[in-house]
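This report concerns only the one structure given below.
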Amino acid sequence: MNFFTFHDYYNNQVKLAFSSNPFSEQPGHVWVICVFKDQWLLTHHPRRGLEFPGGKVEAGETPQEAAKREVWEETGGEVNTIEYIGQYEVKGKADTVVKNIYFATIEDLIEKADYMETKGPVILENLPRDRKSLSNYSFIMKDEVLTHSLQFLSDNGLLPASQQRDLPS
């Protein structure tokens, strides 16, 4: 299996692969890179900061169903298309977490009274290139998972032309 290995913001070992379920057939978590009207759709987590939507897969749902639910809960985004692109495994000090990565285009944003554990949607024209030094970005946005995922999307013709500017130089 061809995969990337690196350490995350908290120095946990991360393995990332753009293949079908390389680490688990039933991952416990999902993470969704979202585009709405050629802009990035993130959410604002009150403790972690800005990040793409994601969370736990609940009992009785598939990871893809969880991905759509998390986008809705955290942003009010109605998913138009969603595609599995890869999976990563984080070996933490206490446990190991496996997340599926999805890429979604959002058809519409519906204003909600409650965005669950977040402060709701954040739309950005560009992702800052140096997110590591920015305190308003979540640790989830500060490792190589996002960098490699954006490159994968670009290499496979999935990244909209307007978002090509956010690829690493």
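The values are calculated or read from the model by the stated rules, or taken from the named source; none is laboratory data. Since this is a predicted model, take the numbers as computed values, not measurements. Please note: Cβ atoms are built from the backbone with ideal geometry, for glycine as well, and neighbour counts cover all protein chains shown.
Can you name every residue in region 2-26 that is under 16 Å from Tyr84 (Cβ atoms) and more than 15 Å from the chain's Cα centre (by Cα)? Give the derivation first.
So in region 2-26, the residues under 16 Å from Tyr84 (Cβ atoms) come out as 3, 16-26.
Across region 2-26, the qualifying residues are Phe3, Ser19, Ser20, Asn21, Pro22, Phe23, Ser24, Glu25, Gln26.
So which residues in region 105-127 are assigned to a loop (DSSP other than H, G, I, E, B), under 27 Å from Gln164 (Cα atoms) and not aliphatic (A, V, I, L, M)?
Gly120, Glu125, Asn126
So which residues in region 88-139 are farther than 15 Å from Thr75 by Cβ, among the aliphatic types (A, V, I, L, M) and surrounded by 12 or more Cβ atoms within 10 Å (Cβ to Cβ)?
Within region 88-139, Val90, Val97, Val98, Ile101, Leu127, Leu134 meet the criteria.
Looking at (1) out of contact with any strand residue (DSSP E or B) (no Cβ under 7 Å at 6 or more places or on another chain); (2) over 16 Å from Val32 (Cα atoms); (3) in contact (Cβ under 8 Å) with a residue 40 or more places away in the chain, find the lone condition where Glu73 falls short.
(2)
If you take the residues in region 114-146 that are over 20 Å from Thr43 (Cβ atoms) and not basic (Lys, Arg), which one is farthest from the chain's Cα centre (by Cα)? Give the steps one after another, and end with the answer.
Initial filter on region 114-146 (over 20 Å from Thr43 (Cβ atoms)): 129-130, 133, 144.
Restricting the remaining residues to those that are not basic (Lys, Arg) gives 130, 133, 144.
Details: Asp130: 17, Ser133: 19, Glu144: 12 Å.
For region 114-146, the residue satisfying everything is Ser133.
Looking at region 55-85 only, could you name the residues that are surrounded by 15 or more Cβ atoms within 10 Å (Cβ to Cβ) and either assigned to a loop (DSSP other than H, G, I, E, B) or at positive phi (or both)?
Listed by number, the residues that qualify are Gly55, Val57, Gly76.
Quick test for you: out of Asp108, Asp130, Asp155, pick the one residue that is modelled with pLDDT under 90, charged (D, E, K, R) and farther than 19 Å from Gly54 by Cβ. Steps first, answer last, please.
On the way: Asp108 fails: modelled with pLDDT under 90; Asp155 fails: modelled with pLDDT under 90.
Unique residue meeting the criteria: Asp130.
What tally of residues in region 58-71 results from selecting those that are hydrophobic (A, V, I, L, M, F, W, C) and more than 14 Å from the chain's Cα centre (by Cα)?
From region 58-71, those hydrophobic (A, V, I, L, M, F, W, C) are 59, 66-67, 71; that's our starting set.
When the remaining residues are screened for being more than 14 Å from the chain's Cα centre (by Cα), the result is 59.
Of the residues in region 58-71, 1 are hydrophobic (A, V, I, L, M, F, W, C) and more than 14 Å from the chain's Cα centre (by Cα).
Cβ-Cβ distance below 9 Å, separation of 6 or more or different chains: which pairs start in region 121-132 with a residue that is farther than 15 Å from Thr147 by Cβ and end on one that is in a strand (DSSP E or B) and of a type in the set (Ser, Thr, Tyr)?
Pro121/Thr43; Val122/Thr43
In the set Glu144, Glu107, Glu117, which member is in contact with an Asp or Glu (Cβ under 9 Å, 6 or more places away or on another chain) and within 17 Å of Phe36 (Cα to Cα)? Don't jump to the end; show me each part of the working.
Details: Glu144 fails: within 17 Å of Phe36 (Cα to Cα); Glu117 fails: within 17 Å of Phe36 (Cα to Cα).
Just one listed residue meets the conditions, Glu107.
For region 27-45, indicate whether the set of residues that are more than 20 Å from Leu150 (Cβ to Cβ), in contact (Cβ under 8 Å) with a residue 24 or more places away in the chain and over 15 Å from the mean Cα position of the chain (by Cα) is non-empty.
No: region 27-45 contains no residue that is more than 20 Å from Leu150 (Cβ to Cβ), in contact (Cβ under 8 Å) with a residue 24 or more places away in the chain and over 15 Å from the mean Cα position of the chain (by Cα).
Please tell me if Lys15 is farther than 24 Å from Gln151 by Cα and in contact (Cβ under 8 Å) with a residue 24 or more places away in the chain.
Answer is no for this residue.
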